[in-house]
Every structure is written in C-alpha cells, then in structure tokens.
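Everything on this sheet refers to the single structure shown next.
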Amino acid sequence: MKVVILAGGFGTRLSELTGEIPKPMVPIGQRPILWHIMNHYAKYGYNEFVLALGYKAEIIKHFFLNYPTLNSDFTIDMRTGDVDWHNRVNEDWKVTLVDTGLKSMTGGRLRRLKSILADEPFLLTYGDGVSDVDIKALVDFHNTSNKMVTVTTVHPGARFGELDIEQNEVRSFKEKPQTTQGWINGGFFVIEPEFLNLISSDDTILEKEPLESVALDGQLSAFKHEGFWQCMDTVRDRNYLEDLWVKGKAPWA
C-alpha cells in the first residue's frame with residue numbers, strides 16, 4: 001500500500017521559516033519533518049511513498065536525490081570522481097516525487113497522482129504533522145469498516161492553559177493540554193481508489209467537496225486517536241516539536 005504525502009503548499013502561516021524552504025523541509029532535530037512522518041510509516045512496514053510536490057519542489061527533490069551523500073561520511077577522489085563510503089546511510093524506502101503544480105489545491109494534487117496510485121487503496125497524510133498513531137491498527141480498522149475513506153480524528157492541542165474551576169476554586173491546572181472535547185481531522189487517511197473520481201480539478205480542495213460528499217453518503221469512517229498528535233502551523237509549534245525531540249521525548253520517534 002502506497003503512502004501519499006501532500007507536500008506542495010506554500011506554508012504561509014509559517015512564513016518565518018518557509019521563505020527559503022518548503023514547509024515539509026522545516027527541520028525537527030537534524031531531519032525535515034517530512035522525514036519524521038515517513039519514518040513513522042516505515043516503522044509499520046509502509047515504505048513506498050508518493051510525494052505530491054509544488055512550492056519549492058526542487059529542494060525536496062534534491063534532498064532525496066542526494067540523501068546518501070548528505071547523510072554519510074565518504075572520501076572522494078576529485079580526479080577520478082570515485083567515492084569511498086565510510087558509513088553509507090540510506091533508508092529502505094522507495095520514493096516517487098511528483099510535481100503536482102505550484103497552485104494546485106490539496107484535492108488537485110491527489111488527482112494528479114491517479115495514474116501512479118492505479119486501482120489500489122492507499123494511505124494519505126499531510127507533510128506538516130506528526131503523531132504516534134498506530135498505522136497497522138488504522139489500516140485494520142479501515143478494512144473492517146467497509147467505507148470508502150477512513151480519517152484519523154484527534155483532539156486538538158489547546159493554545160492556552162486549561163483550568164477546571166468549581167465555585168471560584170481552581171480544581172486543576174493544565175498548561176496547553178490536548179482538549180478532551182471535540183474531534184478534528186488529523187490526517188492519516190486510508191482511501192479506496194474510487195475516491196479519486198470525486199476530485200474534479202486542480203482547484204478542488206480535498207477537505208471540501210470530496211470528503212463532504214463521502215460523509216453525506218455514509219462512506220467516511222473515523223479512527224479515533226487519543227494519543228499524541230501535533231501539526232506544525234507556527235514557529236511555536238515547530239519549537240515545541242524540536243524541544244520534544246532534543247529531550248528524547250518525541251512520541252512519534
């Protein structure tokens with residue numbers, strides 16, 4: 001089963017960091033957040049990726065094309081061009097990189113991958129969020145749901161501290177917890193191939209007509225994830241993820 005990652009947006013809400021690089025290439029630790037997402041899927045045996053590129057696609061292409069060189073020690077004979085690798089680093093991944101248009105919407109990017117995805121179910125997520133979601137459990141849930149699409153739903157992280165107050169007395173104080181009320185789209189989809197027929201053009205927003213349509217038809221199931229999930233929309237989000245990684249407390253690692 002292929003893993004599609006939407007990695008082509010402008011990342012305008014993170015403009016402080018995305019002026020020179022695309023959002024999926026913003027680093028957490030020494031690796032782009034895109035690598036962290038892919039590594040999580042690979043832990044569950046899903047290591048065939050299709051990256052839907054757009055904004056600054058050449059930077060992502062360069063990263064994967066030169067991955068062993070950028071991450072390994074080697075000696076190069078400048079006269080002959082021969083390379084002697086000392087600790088060649090690589091991943092057991094197959095990565096297809098597709099330029100899906102600079103201004104394509106999320107649905108449009110997916111539509112452009114139709115010939116690559118063929119007629120098989122596939123996994124889909126965004127290139128700016130990490131989680132400790134159990135991918136195997138997600139796929140198993142989808143396979144028993146008999147639905148066209150399964151979306152992982154999560155509790156959004158609160159932007160401010162949450163107080164539990166009774167009669168003017170604070171019973172509990174939680175600094176920026178994940179809320180326990182309400183569910184939002186956390187990405188990490190499983191999708192049947194016929195869903196692609198619901199996407200009409202490059203201008204189609206995945207989260208609008210296509211997903212709204214399958215929901216109205218009773219073909220959208222929710223895999224409720226109570227664990228860690230965090231998108232990277234702001235510099236604060238990025239710094240939070242960086243802090244978790246540096247301290248060795250990254251739940252997705």
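Of the residues making up the stretch 53-107, just one is basic (Lys, Arg), surrounded by fewer than 12 Cβ atoms within 10 Å (Cβ to Cβ) and under 20 Å from Tyr41 (Cα atoms), namely Lys94. Selection within the stretch 212-236: residues that are touching a residue at least 24 places away in the same chain (Cβ under 8 Å) and in a helix (DSSP H, G or I). The member of this set that is nearest to Thr18 (Cα to Cα) is Val235. Against the test of being in contact with a strand residue (DSSP E or B) (Cβ under 9 Å, 6 or more places away or on another chain), among the charged types (D, E, K, R) and at pLDDT 95 or above, the options Lys56, Lys2 yield a single qualifying residue, Lys2. Summed over the stretch 2-45, the residues that are under 22 Å from Gly107 (Cβ atoms), within 14 Å of the chain's Cα centre (by Cα) and in a loop (DSSP other than H, G, I, E, B) give a count of 5.
Residue by residue, here is whether (1) among the acidic types (Asp, Glu); (2) over 17 Å from Val130 (Cα atoms) holds:
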site: Ile33; (1), (2): no, no
site: His36; (1), (2): no, no
site: His40; (1), (2): no, no
site: Lys43; (1), (2): no, no
site: Ala52; (1), (2): no, yes
site: Glu58; (1), (2): yes, yes
site: Asn66; (1), (2): no, yes
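Within the stretch 175-196, at least one residue is closer than 17 Å to Gly9 by Cβ, assigned to a strand (DSSP E or B), at pLDDT 95 or above and not polar (S, T, N, Q). Among the helices (runs of 4 or more DSSP H) confined to the stretch 46-162, the ones with at least 1 residues that are free of Cβ contacts under 8 Å to residues at least 12 places away in the same chain and either among the aliphatic types (A, V, I, L, M) or closer than 14 Å to Ile191 by Cα (or both) are located at 57-65, 67-71, 135-145.
The values are calculated or read from the model by the stated rules, or taken from the named source; none is laboratory data. The structure presented is a predicted model; accordingly, all values stated were derived computationally and were not measured. Here the Cβ is made from the backbone with ideal geometry for all residues, glycine too, and neighbour counts use every protein chain on show.
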